[in-house]
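Heads up, the thing below is written out as structure tokens.
The values are calculated or read from the model by the stated rules, or taken from the named source; none is laboratory data. None of these values were measured; they are calculated from a predicted model. Cβ sites come from the backbone with ideal geometry, for glycine too, and all protein chains shown count toward neighbours. Surface accessibility is based on the protein's heavy atoms, side chains included, excluding ligands, DNA and RNA. Shrake-Rupley method; radii C 1.70, N 1.55, O 1.52, S 1.80 Å.
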Amino acid sequence: MTPAGRRILVVEDEAAISDAVAYALRTAGYQVETAADGDTGCRRACQEAWDLVLLDLTLPGMSGLDLFRELRRTHPTRPVIMVTSRADEVDRILGLELGADDYVTKPFSPRELTARVGAVLRRMSGSADAGSPPTRLAAGRLVLDTETREVKAAGTPVRLTRQEFDLLAVLMRHPARVFSRDELLDRIHDGDGVSTDRSVDACVKRIRRKLETAGGDPDLIETVYGAGYKLRAATGGEGA
Ligand code: CA
């Protein structure tokens, strides 16, 4: 994957940092735009198309955390790298509450940042280089194809509804991330009828049952108490 044509929004109020970062990313081939306060950053991050948002946590106007929450609400899977000068914030950033894709702490080198950006984008695309096509997601013996919308557990087809498929696909695209019920709801809501947190729980329950029926692993989707759901960590060459 090449950086060419990939759009990155840099939300950072310190001009020297913003300039250095934008310069480094442009040199690497990315298209870069900048926003210098939280409100502008939020509007642009949520309303325009970006391949990745680089977000400073301390901003004038809307805070970086509020901006992040709003962005996750409107675009649950848009890659975000957080920038913070506080090491004690890191756990929170990466932890259950927020779930950023990566973070850098100040001071950082633009070169290091560019490498992180490249790594997150490669991870999001689902495949490093010319390997398996990114439409095919795998977890243990479960394979999901986002193009044909087929799911197979150990070779046995699993018949999922659109909602169930979409929910599973979100989790499989981001195997390390915990998704709140709200985030998942955003992804599976299709406008027919009332959806609540409980619809997400019910949907997960149905997926687990169907996986089990097909001979797959019903525990693949893990409940994270008080936070939501995530894909169970891959354990390498998984047996039965
Ligand atoms: Ca700042």
Scanning the range 50-87 for residues that are in a loop (DSSP other than H, G, I, E, B), touching a strand residue (DSSP E or B) at 6+ places or on another chain (Cβ under 6 Å) and buried (at least 20 other Cβ atoms within 10 Å of the Cβ) gives Trp50, Leu57, Pro79
For Thr34, state whether it is part of a strand (DSSP E or B) and at pLDDT 90 or above. yes
Among residues belonging to the range 10-49 that are away from the ligand (no atom under 16 Å from the Cβ) and among the β-branched types (Val, Ile, Thr), point out the one that is least open to solvent (accessible area, probe 1.4 Å). Val32
Please work out if Leu142 is touching a residue at least 60 places away in the same chain (Cβ under 8 Å), open to solvent by less than 20 Å² (accessible area, probe 1.4 Å) and either of a type in the set (D, E, K, R) or in contact with a strand residue (DSSP E or B) (Cβ under 7 Å, 6 or more places away or on another chain) (or both). yes
Only one of Leu137, Leu184, Leu94 is modelled with pLDDT of 85 or more and either within 16 Å of the ligand (Cβ to nearest atom) or surrounded by 15 or more Cβ atoms within 10 Å (Cβ to Cβ) (or both). Can you tell me which? Leu184
